[in-house]
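*Asks:* One structure is given below, represented as structure tokens, and several questions about it will come after.
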Amino acid sequence: MNKKFVWTLLLLIVIGVGIFFLTKKPKEEVIEENEDEIVEETDEEEEVEEEPEYTGDTDFTSFSTDTQTLGEQSEATFSIESLEHSSKDGYHEFLFTLNTEYEEEPYVIASYLSNMSVIRLDFQGISKDSTGIGYQQEQAINKEGITKIYHNISAQSDQELYDIGVSKSTIFHLSAEEISEGEWSVILKIKYPGEITKDIDLGNEEFSTEDQEIEGIGATKNASITSYTYGTTGGILKLVWSVSGDGDNPIPSVTASYNDEDELIVTFPSLSIDRVSNISTGMTLPLGITATPERSGEQSIYTFTGMEGKAEYRISASLSPNQVILEIK
């Protein structure tokens with residue numbers, strides 16, 4: 001082997017090693033960009049919510065915050081016969097009894113919806129619901145951070161949605177058991193997340209024709225309207241806007257008043273997003289009432305017509321699920 005070849009080979013090795021160490025970073029120095037994990041240092045210490053210390057005997061290893069599913073989508077239909085809920089050791093239990101003529105297991109999905117502060121139970125293939133909780137109605141719980149169970153409205157006729165309000169994200173467990181032929185128990189267990197005190201304006205308790213308002217958040221806190229539902233109970237129209245926002249308060253500011261033409265004007269002065277206001281044809285509601293939405297900049301205006309004169313109304317808000325509610329008599 002001649003000397004020139006040896007020197008050339010050594011030179012190539014040195015250059016290769018140099019490039020290797022210049023381009024390769026030690027593993028512990030690699031930082032993956034993830035906006036959800038960015039923490040800014042400040043002079044003020046952030047208050048960290050501590051998980052309530054649990055000292056009971058329940059084993060929570062099978063609980064999680066992940067979406068959980070029972071059964072599979074099929075042609076099978078079920079009737080929900082009853083609902084019971086009760087306080088257990090460290091968790092709250094919701095027991096639904098279902099009947100069917102089919103052999104399949106009920107198709108049910110449980111998931112945490114952070115924008116609504118609820119754990120949602122989604123029942124598919126339901127032909128009848130006899131829980132006794134009407135649509136847009138609720139049963140109060142108010143136990144260690146679990147606030148209520150709310151019967152939401154679905155666009156699908158064979159789907160039933162139940163939203164369980166929670167103060168914050170918490171682990172849960174969904175299971176089913178066939179207790180006799182064609183009779184099933186669907187059981188949702190939710191670990192108590194612990195109560196959180198929030199000073200939030202929830203609007204008005206009384207009906208009137210006077211001006212009403214809710215002092216909430218605006219676009220700077222990402223105040224948003226994500227969807228809406230409506231129905232009637234006892235001759236009262238109930239329109240529900242699902243809302244969200246950053247921080248402890250998800251309720252946007254809103255005002256309501258009658259104009260000189262006896263039209264009820266509901267104004268959200270500062271919204272980051274309004275997914276309902278793009279309904280250009282307007283909203284045809286029960287009791288002969290219509291609503292016309294209009295979006296201008298950050299402001300959303302809903303004009304309600306069809307009432308006889310100035311009908312009494314109430315504008316209020318609710319947490320878990322997060323809602324702004326308009327009721328018109």
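*Asks:* Listed residues 308, 312; which is within 17 Å of residue 207 (Cβ to Cβ), surrounded by 14 or more Cβ atoms within 10 Å (Cβ to Cβ) and in the same structural domain as residue 246 (by TED's automatic domain parsing)? Please lay out each step first, then the result.
*Replies:* Numbers: 308 fails: surrounded by 14 or more Cβ atoms within 10 Å (Cβ to Cβ).
Of 308, 312, the one residue that is within 17 Å of residue 207 (Cβ to Cβ), surrounded by 14 or more Cβ atoms within 10 Å (Cβ to Cβ) and in the same structural domain as residue 246 (by TED's automatic domain parsing) is 312.
*Asks:* Filter the range 182-204 down to the residues that are at pLDDT 95 or above and either among the charged types (D, E, K, R) or assigned to a strand (DSSP E or B) (or both) and list them by number.
*Replies:* Selection gives 183, 184, 185, 186, 187, 188, 189, 190, 191, 201, 203.
*Asks:* What's the total number of residues in the range 71-95 that are within 19 Å of residue 128 (Cα to Cα) and assigned to a strand (DSSP E or B)?
*Replies:* 9
*Asks:* Give the residues of the range 136-156 that are of a type in the set (Ser, Thr, Tyr) and at pLDDT 95 or above, sorted by residue number.
*Replies:* Within the range 136-156, the first condition is being of a type in the set (Ser, Thr, Tyr), and the residues that meet it are 147, 150, 154.
147, 150 - these are the residues of the range 136-156 that are of a type in the set (Ser, Thr, Tyr) and at pLDDT 95 or above.
*Asks:* With 277, 224, 300, 257 as the choices, which residue is among the polar types (S, T, N, Q), in contact (Cβ under 8 Å) with a residue 24 or more places away in the chain and within 22 Å of residue 199 (Cα to Cα)? Break it down into steps so the answer makes sense when it comes.
*Replies:* Working: 277 fails: within 22 Å of residue 199 (Cα to Cα); 300 fails: within 22 Å of residue 199 (Cα to Cα); 257 fails: within 22 Å of residue 199 (Cα to Cα).
After applying the criteria, what remains is 224.
*Asks:* Only residues in the range 147-159 that are closer than 17 Å to residue 231 by Cα count as the first member; pair them with residues that are surrounded by 15 or more Cβ atoms within 10 Å (Cβ to Cβ) and of a type in the set (D, E, K, R), Cβ under 6 angstrom, at least 6 apart or cross-chain, and list the lot.
*Replies:* 150/138; 150/163; 152/163
*Asks:* Which count do you get for residues in the range 240-275 that are surrounded by 21 or more Cβ atoms within 10 Å (Cβ to Cβ) and more than 26 Å from residue 167 (Cβ to Cβ)?
*Replies:* Result for the range 240-275: 4.
*Asks:* Only one of (1) part of a strand (DSSP E or B); (2) out of contact with any Leu (no Cβ under 8 Å at 6 or more places or on another chain); (3) closer than 21 Å to residue 324 by Cβ fails for residue 134. Which number is that?
*Replies:* (1)
*Asks:* Picking from 289, 279, 265, which residue would you name as being closer than 17 Å to residue 304 by Cα, of a type outside the set (Phe, Trp, Tyr) and at pLDDT below 95? Please lay out each step first, then the result.
*Replies:* Values: 289 fails: at pLDDT below 95; 265 fails: at pLDDT below 95.
One residue alone meets the criteria, 279.
Let's see how each residue does on (1) among the charged types (D, E, K, R); (2) more than 21 Å from residue 62 (Cα to Cα); (3) not assigned by TED's automatic domain parsing to the domain that holds residue 119:
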{"site": "133", "(1), (2), (3)": "no, yes, no"}
{"site": "142", "(1), (2), (3)": "no, yes, no"}
{"site": "162", "(1), (2), (3)": "no, yes, no"}
{"site": "172", "(1), (2), (3)": "no, no, no"}
{"site": "183", "(1), (2), (3)": "yes, yes, no"}
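The values are calculated or read from the model by the stated rules, or taken from the named source; none is laboratory data. Treat the numbers as computed from the prediction; the structure is a model and nothing was measured. No Cβ is skipped: glycine too gets one built from the backbone with ideal geometry, and neighbour counts run over all protein chains shown.
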